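The block underneath contains the structure these notes are about, expressed in structure tokens.
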Amino acid sequence: MYRTHNCGELRMSDVGQEVTLSGWVQVGRDFGALTFVDLRDRYGITQLVFDSEDDAALCEQARKLGREFVITASGLVRERTNKNANRSTGDIEIEVKSMSILNSSKVPPFTIEEETDGGDDLRMKYRYLDLRRRPLQSNIIFRSKLALETRKFLDSQNFVEVETPFLIKSTPEGARDFVVPSRMNQGEFYALPQSPQTFKQILMVGGFDRYFQIVKCFRDEDLRADRQPEFTQIDCEMAFVTQEEVLATFEGLTKHLFKHTLGVDLPDFPHMTYDEAMRRYGIDKPDVRFDMELTDLNDVAQNKGFAIFDSAELVVGICAKGQAGYSRKQLDALTKWVKRPQIGAKGLVYVKCNEDGTFKSSVDKFYSQEDLKAWADKFGAEAGDLLLVLSGEEEKTRKQMGELRLEMGRELNLMTPGVFKPLWVVDFPLLEWDEDAERFHAMHHPFTSPKKADMERMLNGDHETMKALRADAYDLVINGSEIGGGSIRIHDRALQEKNFKLLGFTQEEAEEQFGFLMGAFEYGAPPHGGIAFGFDRLCAVMNGQSSIRDFIAFPKNNQGRDMMIDAPSGVAKEQLDELGLALNLKEKA
Ligand code: ASP
């Protein structure tokens, strides 16, 4: 028997018991007569003691144990004289009577502790070592619990878990597809699904009424800390539902998950329209843990002789409470920050609301004290506050200000960890006009339904009408992260055809790629709608972390590589022959 107990469960009540533990050597400490070894497994760490007066040979063997050796040890549980309050097993230790080495280990390339000295790629190459670390173990265990609670809740609501295929047809859904060559149909390719979107809609036509799946999705996009080429969604679809019913169901799921994994009771989620989110926060996924809302200043800042503001479509600001003490250096740094290409502002205007009721600004030449007081009043600013102002083209400037608001939130520690502020953002535009390509993109995806009131306008309206169409589309946002998104779908062939047309599909292209779906709509498709949650991101946000990588057992790096198995990689010529393919790689630009 390898173990009678695990390394995290022995307590004072077990003192006097003979036990056997197995695990990894975290660290050894040699104090001459006594040698201590911390033995670790998934459940915790237990201290082993080897006494050279009891058994000199055994103690000698213990001294030679290296980090990450796998051992099994038997002995007596006893009370520690020197207790460790930071460890659940810290009141006891094992007086070892026998020990054997089950496997030795090379010296690991990084420390296997809470904090590690290993860089990302090294940790991914030796993922099996990284996975032994407590933070990763608890992340992966959290993920498992979250999946289980998801299934429990959705099952209680009559959802049926249905698997959909991974080898499908390449269809544009926003991102680039990963493609897989077919051996049996040479020259043809499958694509890996960006999401099960069309299949779940077909399941509604197939009468399943409520579907869910915890499912891998594949998107060949450039990667960031919160993106992976393969990621997991909680994917759902419901028939005979309105938007309100979808939101209520998934608000219920979210509350259940927070309650049953974190013990957090979430209040009801506020609803905010897309327009309102953009106006107040400059972003469609606002972090509402802090205020600092955007305030329009056109009426008080224009026509005072400052040409830059006068010619701007929008003058907009935020008020940082109590920050009038910002130094020249800090303001210069902020100005530099907004001028970075990622943000793209031309400059930053500030106004300090001094304690004595006067104002000091970077535009004193153009504005009197009364003018600046009028600005401050717009924000409801008080003495000691700092106003930051940007100007320019409406949409761009709002977004830039939204970014600056977030940066100030970070800088001033306003994004309190452990506080969760969920909200629904609703009424997204149906279409997004792409100036450069001079075409519409679907804001969510091509299957999203316009609002009922907009359907007629969509079928008959002009170009400007199309830009203003609103969709029954919604996002769940928590602490500035988009956790989920979905929509009520089009279930009518004519409307779906019209949408494809608006998106630039010819009739043949639409038929070729989505004929099956439009065909299904002709056989009694029920009204339906759904949503998908980003499961990896939900794990990270619930744990106050920004990288989804540490919630995925085997993630890929920024180049899309699996560092452990070394993928992607070449394939043998025979494999290519079988597929009827030959490589003809273009020179990299
Ligand atoms: N399939 C969509 C997505 O992956 C979600 C949905 O509309 O249900 O974003």
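The values are calculated or read from the model by the stated rules, or taken from the named source; none is laboratory data. Bear in mind the structure is a predicted one, so any value in this text is a computation, not a measurement. Note that each Cβ is placed from the backbone with ideal geometry, even for glycine, and that neighbours are counted across all protein chains shown.
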What tally of residues in segment 441-467 results from selecting those that are modelled with pLDDT of 95 or more and more than 17 Å from R489 (Cα to Cα)? 0
For segment 304-324, the count of residues that are outside any helix (DSSP H, G or I), touching a residue at least 60 places away in the same chain (Cβ under 8 Å) and at negative phi equals 14
Does E438 qualify as being farther than 30 Å from D209 by Cβ, away from the ligand (no atom under 14 Å from the Cβ) and either within 29 Å of the chain's Cα centre (by Cα) or at pLDDT 95 or above (or both)? no
Against the definition (of a type in the set (A, V, I, L, M) and either modelled with pLDDT under 95 or surrounded by 15 or more Cβ atoms within 10 Å (Cβ to Cβ) (or both)), how does L412 come out, yes or no? no
Out of L331, L257, sole residue that is over 18 Å from M408 (Cα atoms), away from the ligand (no atom under 16 Å from the Cβ) and in contact (Cβ under 8 Å) with a residue 12 or more places away in the chain: L257
Which condition breaks for E482 when tested against (1) more than 16 Å from the ligand (Cβ to nearest atom); (2) buried (at least 17 other Cβ atoms within 10 Å of the Cβ)? (1)
Looking at this structure, is T249 within 16 Å of the ligand (Cβ to nearest atom) and either modelled with pLDDT of 95 or more or not polar (S, T, N, Q) (or both)? yes
Identify, please: which residue in segment 64-89 is among the β-branched types (V, I, T) and free of Cβ contacts under 8 Å to residues at least 60 places away in the same chain and is, among those, surrounded by the most Cβ atoms within 10 Å (Cβ to Cβ)? I71
Quick check on this structure: which one of R537, R549 is within 14 Å of the ligand (Cβ to nearest atom), of a type in the set (K, R) and out of contact with any helix residue (DSSP H, G or I) (no Cβ under 6 Å at 6 or more places or on another chain)? R537
Of D454, D475, the only residue that is within 16 Å of the ligand (Cβ to nearest atom) and either outside any loop (DSSP other than H, G, I, E, B) or more than 20 Å from the chain's Cα centre (by Cα) (or both) is D475
State which residue is surrounded by the most Cβ atoms within 10 Å (Cβ to Cβ) when the search covers only segment 106-124 and only residues that are touching a residue at least 24 places away in the same chain (Cβ under 8 Å) and under 14 Å from I552 (Cα atoms). M124
Restricting to segment 358-384, name every residue that is small (G, A, S) and surrounded by 13 or more Cβ atoms within 10 Å (Cβ to Cβ). S361, S362, A374, A376, A381, A383, G384
Residues in segment 347-357: is at least one out of contact with any strand residue (DSSP E or B) (no Cβ under 7 Å at 6 or more places or on another chain) and surrounded by 13 or more Cβ atoms within 10 Å (Cβ to Cβ)? yes
Quick one: which residue in E482, E512 is modelled with pLDDT of 95 or more and not aliphatic (A, V, I, L, M)? E482
Lone qualifier among N499, N557 - being more than 16 Å from the ligand (Cβ to nearest atom) and touching a residue at least 12 places away in the same chain (Cβ under 8 Å): N557
Filtering segment 297-319 down to residues that are among the acidic types (D, E) and closer than 16 Å to D371 by Cβ yields D299, D310
Given (1) surrounded by fewer than 23 Cβ atoms within 10 Å (Cβ to Cβ); (2) within 14 Å of the ligand (Cβ to nearest atom); (3) of a type outside the set (S, T, Y); (4) without any contact (Cβ under 8 Å) to a residue 60 or more places away in the chain, index of the condition H445 fails: (4)
Sort out which residues of segment 385-398 are assigned to a helix (DSSP H, G or I) and surrounded by 17 or more Cβ atoms within 10 Å (Cβ to Cβ), and write them in order of number. T397, R398
Report, by residue number, each residue of segment 401-429 that is of a type outside the set (G, A, S), in a loop (DSSP other than H, G, I, E, B) and in contact (Cβ under 8 Å) with a residue 60 or more places away in the chain. L412, L414, M415, T416, P417, V419, F420, K421, D427, F428
If you scan segment 177-220, which residues turn out to be within 13 Å of the ligand (Cβ to nearest atom), out of contact with any helix residue (DSSP H, G or I) (no Cβ under 6 Å at 6 or more places or on another chain) and either in a loop (DSSP other than H, G, I, E, B) or not hydrophobic (A, V, I, L, M, F, W, C) (or both)? P193, Q194, S195, P196, Q197, K200, Q201, Q213, K216, R219
What is the number of the single condition among (1) touching a helix residue (DSSP H, G or I) at 6+ places or on another chain (Cβ under 7 Å); (2) touching a residue at least 60 places away in the same chain (Cβ under 8 Å) that A532 does not meet? (1)
Entirely in segment 1-117, the strands (runs of 3 or more DSSP E) that have 1 or more residues that are under 36 Å from the mean Cα position of the chain (by Cα) and within 22 Å of P135 (Cβ to Cβ): 18-31, 34-41, 44-51, 70-79
Residue selected from segment 221-246 under the condition acidic (D, E) and over 30 Å from N557 (Cα atoms), by the criterion nearest to the ligand (Cβ to nearest atom): E237
Identify all residues within segment 108-129 that are more than 14 Å from L39 (Cβ to Cβ) and in contact with an Asp or Glu (Cβ under 8 Å, 6 or more places away or on another chain); write none if there are none. P108, F110, T111, T116, G118, R123, M124, L129
